[in-house]
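For reference, the structure discussed in these notes is given below.
The values are calculated or read from the model by the stated rules, or taken from the named source; none is laboratory data. Note that this is a predicted model, so its numbers are computed, not measured. Cβ atoms come from the backbone with ideal geometry, glycine included; neighbour counts cover every protein chain shown. Side chains are part of the model used for accessible areas, which takes the heavy atoms of the whole protein and leaves out ligands, DNA and RNA. Shrake-Rupley method; radii C 1.70, N 1.55, O 1.52, S 1.80 Å.
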Amino acid sequence: MHSQPIDFRHTLVAKHPERLSQIRYLLADSGLGLDNDITLFVEAWSGSQLVGCAGLAANVIKCVAVNEQLRGENLSARLLAEVENAALECGHFHLFLCTRPCNRERFARSGFWPIAQSGNNAVLMENTPQGIERYCRSLRAKRKCGENIGAIVMNANPFTLGHRHLVEQAAQRCDALHLFVVREDASFFPFSARLEMVRAGVAHLPNVVVHEGSQYIISRATFPAYFLKETGKVQQAWSEIDVLIFRDFIAPALGITHRFIGSEPFCDITRQYNQTLHDLLASHIEVVEMPRIKATGNAISASEVRRLLKTQQFSRIREIVPDSTFAHLETHYRASAEVA
């Protein structure tokens, strides 16, 4: 096999789903899973044998694997070069990858720089030494004066009275409040709609700055998890990397002193994320956890709004969202009245 030339092929997953079975076997040999958001694979073939692969999901490189007999022959570097070229052809210049820390040096030799690491579980890397610094420079341009500078990160899927209450309470306690809306379209409502609802819902608060989320504020739904078998480790790695980026880069750029979060009575994942915030921000940034407000006896949640929307219960939705969100939902999601 060593003497055979390597042939590289680009496979669009949507057009050739039948090719995934061989890729799946190769990944499994390396102890890797297959993330289902990959749209393109670069495959390395030696004759009739698949000996390497690298996947691309938007601008995130995932599922890089090489046949163990060919390790040490620079094939992973050639695969990375090929998948980077494929990304460039798709218009993606700024690339990320997440891998086991033991692979950190291998990817560093191929031009990737580490941003944050979660213990022995995962390290997030990018293909430029200036990426995170460039983002911090853009944030510093929005820095505000004051002793108490707050931050909230929210998905707002959609923006509820609970979200508004959290923002209002935090804004009262701060000279300025930076509000980040998670960017990835991995939610029921697309990012543009969520951003619009948030901006409308906080327009009455002059000291709130709304930021479009970036790829440095990581959505759990899009976190590359193919190399972590256990759900708990995926959750821990995502939480720690996201919080470390916030602590070490975003907060210093904006002079953030407080991070505000809502208490979480429903979701175990969010509750664990909140605990990670308390653990990793301690002695750096004060974490302020506020109890959720209730409507009709129950804590308000965006998931409840989505549930009510599916059954078109707009009178109940009105009780738990601001007028601005209600107007958006009525305009875009109320089923058309049936023509008699």
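Evaluate the relative contact order of region 187-340 (contact order divided by residue number), counting alpha-carbon pairs under 8 angstrom at least 6 apart; express in whole percent. Relative contact order here is 21 percent. Distances between every pair of Cα atoms in the chain, grouped in 20 Å steps from 0 to the bin holding the largest one, split as 28, 51, 20, 1 percent. Modelled spin-label separation between His332 and Tyr25, with each label point placed 7 Å from Cα along the Cα-to-Cβ direction: 4.5 nm.
Normalised by the number of residues in the chain, what is the relative contact order in percent for Cα pairs under 8 Å and 6+ residues apart? It comes to 14 percent, rounded to a whole number. The calculated P(r) of region 212-340, using every Cα pair and 10 Å bins from 0, goes 10, 30, 30, 23, 5, 2, 0 in percent.
Our coupling estimate for region 193-198, obtained by passing each phi through the Karplus curve with A = 6.51, B = -1.76, C = 1.60 and θ = phi - 60°, is 5, 5, 4, 4, 5, 5 Hz, Gly and Pro reported as x.
Largest first and in whole Å, the equivalent-ellipsoid semi-axes of region 206-245 read 27, 10, 7, each the square root of five times a Cα gyration tensor eigenvalue. Inter-label distance, Phe188 to Ile293: 2.1 nm, where each label sits 7 Å from its Cα along the C-beta direction. Across every direction, the projection of the convex hull enclosing the Cα atoms of region 1-61 has a mean area of 4.3 nm².
Quick one: accessible area per residue over region 197-257, 1.4 Å probe, rounded to a whole number of Å²? Solvent-accessible surface per residue comes out at 37 Å². What whole-number distance in Å separates the alpha-carbon centres of region 197-261 and region 98-118? Taking the Cα centre of each part, region 197-261 and region 98-118 sit 21 Å apart. For a paramagnetic label modelled on Thr128 (point 7 Å from Cα along Cα→Cβ), amide N atoms under 16 Å away belong, within region 195-220, to 214-217. Only lysine pairs 8 or more places apart, or on different chains, with alpha-carbon atoms under 22 angstrom apart are counted in the chain, and they number 4. Taking label points 7 Å from Cα along the Cα-to-Cβ direction, Lys310 and Cys267 give a separation of 1.6 nm. Taking the centroid of alpha carbons for each part, region 264-340 and region 146-181 are 14 Å apart.
What is the local net charge at Ile317, summed over the other residues whose Cβ is closer than 15 Å to its Cβ (Lys, Arg +1; Asp, Glu -1)? Once all neighbours under 15 Å are counted, the net charge is +3. For region 10-112, the Kirkwood estimate of the hydrodynamic radius, built from every pair of different alpha carbons, is 13.7 Å. If the chain linking Asp279 and Glu230 were pulled fully straight, counting 0.36 nm for each residue of separation and taking away their Cα-Cα distance, it would gain 15.5 nm. Direction-averaged projected area, Cα convex hull, region 162-259: 7.1 nm², rounded to one decimal.
Net charge around Lys294, counting only other residues with Cβ within less than 12 Å of its Cβ (Lys, Arg = +1; Asp, Glu = -1)? Value of the local net charge: -1. Leaving out ligands, DNA and RNA, what percent of the accessible area of region 1-83 is carbon and sulfur, probe 1.4 Å? Using a 1.4 Å probe with all protein chains present, region 1-83 comes out at 49 percent carbon and sulfur. In order along region 94-111, the Karplus-derived 3J(HN,Hα) couplings, from 6.51 cos²θ - 1.76 cosθ + 1.60 at θ = phi - 60°, round to 9, 10, 10, 8, 10, 8, 5, x, 5, 9, 4, 5, 4, 6, 4, 5, 9, x Hz, and Gly and Pro are given as x.
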